[in-house]
Structures are given as C-alpha cells and as structure tokens.
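Colleague: Input: one structure, supplied below.
FYI, it's all coordinate maths here, none of it is from the lab. Values in this document were obtained by computation on a predicted structure and should not be read as measured data. Cβ: placed from backbone, ideal geometry, glycine included. Neighbour counts: every protein chain shown.
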Amino acid sequence: MMLAMCVLAACSEEKQQEKEINIQGQEQAVAKVDTLVLRWKTFNNQLLCNGRLAAIKKAELQMPRQGEILLSVPVHNGQRVEAGTLLAVSDTLTRRAELEKAEQDFERARVELQDKLIGLGYNVGSAHSDEEWQNIVPADVLHRVELTSGYHTASYQLQNARKALQDCRLRAPFAGRIANVEAKAHQQCSKVCTLLDDSYFDVEFKILEAELAFVRQGQTVLITPFVYKEQKINGIITEVNPTVDDRGLVKVVARIKNTSAQLIDGMNVRVIVESEVPNMLVVPKEAVVERDGYHVVFLLDTKSNHAVWTYVDIVYSNLEQHAITGCERKNTEVKPGDIVITSGNLNLADDTEVEVN
C-alpha cells in the first residue's frame, strides 16, 4: 500500500509539471509586436548611384617653350593660388640677349624708314611715332616704304622677342589649387603642374534607362563621400546626357559647391537622387521579410490577434522604406486600413498568435 501511494504521488507530480510546461509554452508562443495601419502616402523614391568628383576647371600647365632649364618652381602640391600667381621661371639670359638684338634691329629699320620718307619729300623729321607718320604720309606710300626698309620684319621680330621673354615666366591662368607638381629647379621639364578650380565640383554618375523618368535637370541630389560618410552635401543636376550607352546606362552630371577642405578631385562619392511618387502604400523595411523566394508581410487579424502571412511585391525602395502592393504571382492584395506587423516578425509563421505592444 505504501509503495502504491508513492507511485500515485509521483505520477500526480509529473502531470502537474507537464501542465505547467504547457502553460509556459503557450505563454511564450504569443509574440509581442508593433504594428502600422496602411495609408496612401507620397513615397520618397531614391536612386542610389556611385559617382566621382571632378573640379569644374582643370588645366595641365607647361612652359610655353619646351626644353628650357627651370630656375625655380615656387609652388607645391595643395597650395592655393590666385590668377596670375608665378608658378615657374626658366632661364632668361638667352631671351634677354635676343630682345636686345631685336630692339637694335628695330631702331635701325626705323631710321632707314625715316630716311626713305624724307628722300621722297615728306617732312617726317619732327614726327616721333608711327601714328604721326600716318598723318603725314599716304597709307599706300607708307606701307611700301615699310616693306622695302625692313621695318615690318624688324617690328615682327621685336614682338616675338618680347613674348619669348614673357614666356620664361609661367603664371596661373585662374585661381585654384596646385596638384601633380612634376617640375624641379635646374632641370628640363615637359609639364610643370596641374591647376584645379575646385570651388565647385561636377559629379558624374550613371543611371539605368528605366530610371530616366525619375531624373530631370534642376533636380536636387544628395552627395556623400565614401571616406567621410558623415558629410551630406546637396547638389543640383545640370546635365542629363540624351543617349543610352551599350550597357543601357545614361550619364548624369550634378554640381555641388565645395564647402570643405576634405573634398578633392577624383574622390568617389555616393549619389542619392530623390523623387516623390504619390499614392503609395509605405512600410518600414523591417516589415518585409523574405520567405521561399518571395517578399512577405504579416497582417494582423484583429478578431483573433493572429498574424496572417501575405505575399507582396516591392514597387520602390529607399534607405528606410518600401512601397508595396499585393503579389501579382500569388494573387494577393494589400489595401489601406490593413494593419501590418512591423517588428518581431522574423520568427513569425502564418496564424501565429501575437500581442500588440
């Protein structure tokens, strides 16, 4: 009898434990979730592209006369210069000697011209400039005498000699930043440096032909450098190339103002093009999960507090949201007023009991 009573007590205790485990399991099966009521909204569609910065002006600067020995290169990479700043100086000794000779030849030809005009009976002895001679001597006569006296040739050679001396000094054609300095003092060089006007940058990127409807000239874009992800720079689309390449892509150019010393020519950036699409059913990205190769949301059955597995198609996406419709292949639908479960849905199954937070 004692043994029988012990067995009955043990069985009763096991049944009580099983009952408690079942109750705990049922309590754990009720998932706590957040929800969202679907409404028609304007969706901010975003096209994500990769692009590269290019300074709006870029000049590869060389000495006008090749093969010259440089005396000095008073600039360095990264230096900002104004228009007209001296960038390099070559040896001027030979050019100065050529200029002195050209000046002497010109004076000699001028005296010869004056003597010929006096010999023709024109009183040009008191004239001190070419303009005064033109007031005294008829144009055809003056032109003929200038040719025969060598005055034209000497004047041309003098102009060339002056320009040759000026070409010994390379000056910045516009304000900007110095880059790629290759020239060194006391050496010959073919290229001195690159001058960049980086006050503005052009950002070139490409979009798919199917995305052309969302891009237009004058549209605002958001630029983020890959290495400085905290920077957000607004730009304006300035060009949409009216042709599609052999890969089905269209080139687009946007312009941004350089407001940071961190931005440099050739830097890789991410481009976000936003456009508004009206009358969309919008949900957070977390509300959509992938099951069996399809996109799925869980709708809340308010009568039973159970999750309802529903297939959907994603129409548009941005960084945070999806615009959805019913799945065409599964013949399902979603509509305004449906309650979508937006959290805790990774482990949900169809007809799972849920509790709304």
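Colleague: Please sort by residue number the trypsin sites (Lys or Arg not before Pro) in the range 271-329 whose DSSP state is loop and whose Cβ has at most 16 other Cβ atoms within 10 Å.
Modeller: Here the trypsin sites (Lys or Arg not before Pro) that fit, given the DSSP loop and packing criteria, are Lys303, Arg329.
Colleague: Let me know the charge dipole size of the range 185-251 about its Cα centre in debye, to the nearest 20, where only the beta-carbon of Lys, Arg (+1) and Asp, Glu (-1) is charged.
Modeller: Roughly 140 debye for the range 185-251.
Colleague: Is there a pair in Lys58/Lys163; Lys58/Lys101; Lys191/Lys257; Lys57/Lys101; Lys232/Lys335; Lys58/Lys206 whose C-alpha atoms are over 31 Å apart, and which pairs would that be?
Modeller: Correct reply: Lys58/Lys101; Lys57/Lys101; Lys232/Lys335.
Colleague: With each run of n ≥ 4 DSSP H residues scored as -39500 (n - 2.57), what mean residue ellipticity at 222 nm is computed for the chain after dividing by its residue count and rounding to the nearest 500 deg cm²/dmol?
Modeller: -8500 deg cm²/dmol
Colleague: Ok, one more. Quick one: net charge around Asn305, please, counting Lys, Arg +1 and Asp, Glu -1 for every other residue with C-beta under 10 Å from its C-beta.
Modeller: Computed value for this residue: -2.
Colleague: Moving on to the next point. Which is farthest toward the positive dipole end of the range 180-233 among Gly218, Leu196, Val181, measuring Cα position about the Cα centre, with Cβ charges +1 (Lys, Arg) and -1 (Asp, Glu)?
Modeller: Val181
Colleague: A further question follows. Which one is right for this structure if Cα Rg over 2.2 N^0.38 Å is calculated from it: (1) 0.90; (2) 1.03; (3) 2.01?
Modeller: Recomputing Cα Rg over 2.2 N^0.38 Å here picks out (3).
Colleague: Another question about this same structure. So which lysines pass the test for Lys330, namely a Cα distance under 30 Å, with those fewer than 8 places away in the same chain ruled out?
Modeller: Excluding near neighbours in sequence, the set is Lys32, Lys41, Lys285, Lys303.
Colleague: Next question, about the same structure. Hey, rough spin-label estimate for Gln231 and Asn77, points 7 angstrom out along Cα→Cβ, what's it come to in nanometres?
Modeller: Here the answer is 1.8 nm between the modelled labels.
Colleague: Count the DSSP beta bridges whose two residues both fall in the chain, then state the antiparallel fraction as a percent rounded to the nearest 5.
Modeller: Roughly 95 percent of the beta bridges in the chain run antiparallel, per DSSP.
Colleague: Also, I was wondering about something else. Among Thr94, Thr310, which comes first, second and so on when ranked by fewest other beta-carbon atoms within 10 Å?
Modeller: In order of increasing Cβ crowding within 10 Å: Thr94, Thr310.
Colleague: Would you order Ser72, Ser275, Ser90 from fewest to most other beta-carbon atoms within 10 Å of each residue's own beta-carbon?
Modeller: Lowest count first: Ser72, Ser275, Ser90.
Colleague: Give me the Debye-computed log₁₀ of I(q)/I(0) at q = 0.24 Å⁻¹ for the range 93-166, equal point scatterers on Cα only, no solvent, two decimals.
Modeller: Calculated log10 I(q)/I(0) at the listed q: -1.01.
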